[in-house]
Amino acid sequence: MTGQPSNTASVITKGSYLYLPIALLLAMAVLCASAAQAQTFTAIHTFTGGYAGSWPWTDLTITPTEHIYGTTFHGGPGTDFYCQYTGCGTVFEMYQRNGTWIFNPLYDFRLQYGGFPKSAPLVGADGALYGATLTGGLLSSDCDNAGCGTIYRLQPSATPPADPFLSWHPAIAYEFSGSEDDGGGPGGIIRDAAGNLYGGNGGGPYACGLIYELSRNGSGWTFTKLYDGFACNGDYESRGPGGLVFDSDGNLYGITYNGGGGQCTSYRLGCGTVFKLTHTDSGWTATTLHEFNEATEGGGVAGLVRDAAGNLYGGAESGGSGGGGTVWELSPTDGGGWNFQVLYNFTGIGDYRGPIGRMVLDAAGNLYGVTQADGANNYGNIFKFTPSNGGWVYTDIHDFTYGDDGAFPLRGPTLDAAGNLFGTASAAGYFSYGVVWEITP
């Protein structure tokens, strides 16, 4: 399905609206609408459920050869007891052949290798795919009878598999035990230039979260806990830290969904934080860069993206002056501190339905992201921020309709080398199991 973008444009400055004469605002809106009309939305795959997967709760990985890799939270044979009704999830690949998108299921999870992935697999230094699952691995471990999750490894089978839905060979890089020392329920992972893997989960004292590294050790992997000093104020809904990005010095930046001292209008204790982990000879030192106040800055912090100048950008699912979440920026100052600015306040239906997942920057410095249930139809939208005269212009590129175009995206978009934007929507589509979508310039 090809949809028409809504062409909604707003002119904003960092942290406030820019008031201009009505005629100038209208002229700028027309220019933004013309630019938005050049972008075409297409649902390039509709999930069919069953072995082919359903409910894509993932961002996507795109290789230089234009192969797309992703996961679905449900799907597969349902042979494991804990996945018998929904399946344990799938890994898939997409690529173009003669101008047509080909969808190729690579693997349906069995709990011994993991279950219910919520993030895209990444391509490791060895060319295999690596990713995280919420459950599976060591069954009947400390966090759940279904296991505390795994870091899995997938590569093409050397010989034709006996099961056609196991066309890629699975292995485990690490099985989480659920203890304070290694945690469980991991989120997405990143890797450094040497191929080491990094991620966060809900371990550590009081299950407030930890950051870990997996480094190569011959044919295996060594798990190292980098930091576990997060505080979640006894919040029973605490989620592990994540959204990790590196800077050029090898320091890590990330977010916590809750925690911190900021005031929240909901029952959560702490609205989220942005932190930095600095690598020193004696280990890793944590610095909290910002604690969110939900009413004015947003709460339920999403992932991070970092530009070449060291500025950090992200979204918050709720709160802000409009009640529908925010997009914000953290900029380093000359004195070594950080300046926080709200770039935009969404006015959606609230209830943690605003910007979700990490945003992405293109070569021109434009920011792209999604909301879970904002937009004209309250089924989510795809948005763009364009830098302009020291401020930003917001454009609503596409509003999901709960039709063939999908609804309720749960992770942010991904850009390919040509500037095409790709992402997933978790619901709707022709078979009501979600879609993969593309926006071309």
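So, of the residues in the stretch 125-176 that are over 21 Å from the mean Cα position of the chain (by Cα) and among the polar types (S, T, N, Q), which turns out to be modelled with the lowest pLDDT?
By that ranking, first place goes to 159.
Out of all the residues in the stretch 228-240, is one or more at pLDDT 95 or above and touching a Leu at 6+ places or on another chain (Cβ under 9 Å)?
no
Inside the stretch 389-407, can you point out the residues that are buried (at least 22 other Cβ atoms within 10 Å of the Cβ) and of a type outside the set (Val, Ile, Thr)?
Result: 392, 398, 399, 400, 405, 406, 407.
With (1) outside any loop (DSSP other than H, G, I, E, B); (2) buried (at least 17 other Cβ atoms within 10 Å of the Cβ) as the list, and residue 288 as the residue in question, which single condition is left unmet?
(2)
Output yes when any residue across the stretch 366-379 is farther than 15 Å from residue 57 by Cα, part of a strand (DSSP E or B) and of a type in the set (A, V, I, L, M), and no when none is.
Within the stretch 366-379, one or more residues are farther than 15 Å from residue 57 by Cα, part of a strand (DSSP E or B) and of a type in the set (A, V, I, L, M).
Kindly indicate whether any position in the stretch 95-116 is under 17 Å from the mean Cα position of the chain (by Cα), of a type in the set (Ser, Thr, Tyr) and over 20 Å from residue 175 (Cβ atoms).
Taking every residue of the stretch 95-116 in turn, none turns out to be under 17 Å from the mean Cα position of the chain (by Cα), of a type in the set (Ser, Thr, Tyr) and over 20 Å from residue 175 (Cβ atoms).
Going through 304, 330, 277, 343 one at a time, which residue ends up being over 25 Å from residue 119 (Cα atoms) and either in contact with a Phe, Trp or Tyr (Cβ under 8 Å, 6 or more places away or on another chain) or part of a strand (DSSP E or B) (or both)?
343 is the lone residue from the list that is over 25 Å from residue 119 (Cα atoms) and either in contact with a Phe, Trp or Tyr (Cβ under 8 Å, 6 or more places away or on another chain) or part of a strand (DSSP E or B) (or both).
State all residues of the stretch 203-214 that are outside any helix (DSSP H, G or I) and open to solvent by 30 Å² or more (accessible area, probe 1.4 Å); if no residue qualifies, say none.
Scanning the stretch 203-214 gives a single hit, 213.
Of everything in the stretch 385-416, what is assigned to a strand (DSSP E or B), touching a residue at least 40 places away in the same chain (Cβ under 8 Å) and under 23 Å from residue 45 (Cα atoms)? Give them in sequence order.
Result: 396, 397, 398, 399, 403, 406, 414, 415.
Name every residue in the stretch 73-94 that is open to solvent by 20 Å² or more (accessible area, probe 1.4 Å), outside any loop (DSSP other than H, G, I, E, B) and in contact with a strand residue (DSSP E or B) (Cβ under 6 Å, 6 or more places away or on another chain), in order of residue number.
Selection gives 74 alone.
This table checks each residue for (1) surrounded by 17 or more Cβ atoms within 10 Å (Cβ to Cβ); (2) under 22 Å from residue 59 (Cα atoms).
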{"site": "294", "(1), (2)": "yes, no"}
{"site": "301", "(1), (2)": "yes, yes"}
{"site": "310", "(1), (2)": "no, no"}
{"site": "316", "(1), (2)": "yes, yes"}
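Residue under question is residue 70, and the condition is that it be buried (at least 17 other Cβ atoms within 10 Å of the Cβ), in a strand (DSSP E or B) and within 23 Å of the chain's Cα centre (by Cα); does it hold?
yes
Could you list, in sequence order, the residues of the stretch 405-420 that are out of contact with any Ser or Thr (no Cβ under 7 Å at 6 or more places or on another chain) and over 13 Å from residue 368 (Cβ atoms)?
405, 406, 407, 417, 418 - these are the residues of the stretch 405-420 that are out of contact with any Ser or Thr (no Cβ under 7 Å at 6 or more places or on another chain) and over 13 Å from residue 368 (Cβ atoms).
Can we say residue 429 is on the phi > 0 side of the Ramachandran plot, assigned to a loop (DSSP other than H, G, I, E, B) and modelled with pLDDT of 95 or more?
Spelling it out, residue 429 is indeed on the phi > 0 side of the Ramachandran plot, assigned to a loop (DSSP other than H, G, I, E, B) and modelled with pLDDT of 95 or more.
Considering only the stretch 417-434, I want to know if a residue exists there that is without any contact (Cβ under 8 Å) to a residue 40 or more places away in the chain, open to solvent by less than 20 Å² (accessible area, probe 1.4 Å) and touching a Pro at 6+ places or on another chain (Cβ under 8 Å).
no
Within the bounds of the stretch 368-388, is there any residue that is open to solvent by less than 10 Å² (accessible area, probe 1.4 Å) and within 19 Å of residue 53 (Cβ to Cβ)?
Among the residues of the stretch 368-388, not one is open to solvent by less than 10 Å² (accessible area, probe 1.4 Å) and within 19 Å of residue 53 (Cβ to Cβ), which makes the answer no.
Going by the structure shown, is residue 339 under 20 Å from residue 295 (Cα atoms), surrounded by fewer than 19 Cβ atoms within 10 Å (Cβ to Cβ), touching a Ser or Thr at 6+ places or on another chain (Cβ under 6 Å) and at pLDDT 95 or above?
Against the criterion (under 20 Å from residue 295 (Cα atoms), surrounded by fewer than 19 Cβ atoms within 10 Å (Cβ to Cβ), touching a Ser or Thr at 6+ places or on another chain (Cβ under 6 Å) and at pLDDT 95 or above), residue 339 qualifies.
Does any residue in the stretch 352-375 that is free of Cβ contacts under 8 Å to residues at least 40 places away in the same chain come within less than 7 Å, Cβ to Cβ, of a residue that is of a type in the set (Val, Ile, Thr) six or more places away or on a different chain, and which pairs are these?
Pairs found: 353/371; 366/386; 373/349.
Among the residues of the stretch 374-387, are any in contact with a Phe, Trp or Tyr (Cβ under 6 Å, 6 or more places away or on another chain) and modelled with pLDDT under 95?
yes
Condition first: of a type in the set (Gly, Ala, Ser), open to solvent by 50 Å² or more (accessible area, probe 1.4 Å) and either touching a helix residue (DSSP H, G or I) at 6+ places or on another chain (Cβ under 7 Å) or under 16 Å from residue 146 (Cβ atoms) (or both). Now tell me which residues in the stretch 101-126 satisfy that.
Those that are of a type in the set (Gly, Ala, Ser), open to solvent by 50 Å² or more (accessible area, probe 1.4 Å) and either touching a helix residue (DSSP H, G or I) at 6+ places or on another chain (Cβ under 7 Å) or under 16 Å from residue 146 (Cβ atoms) (or both): none in the stretch 101-126.
The values are calculated or read from the model by the stated rules, or taken from the named source; none is laboratory data. All values reported here derive from a predicted model rather than from experimental measurement. Positions of Cβ are generated from backbone atoms using ideal geometry, with glycine treated the same way; all protein chains shown enter the neighbour counts. For the accessible areas, the whole protein counts, side chains as well, though only heavy atoms, and no ligand, DNA or RNA atoms are used. Shrake-Rupley method; radii C 1.70, N 1.55, O 1.52, S 1.80 Å.
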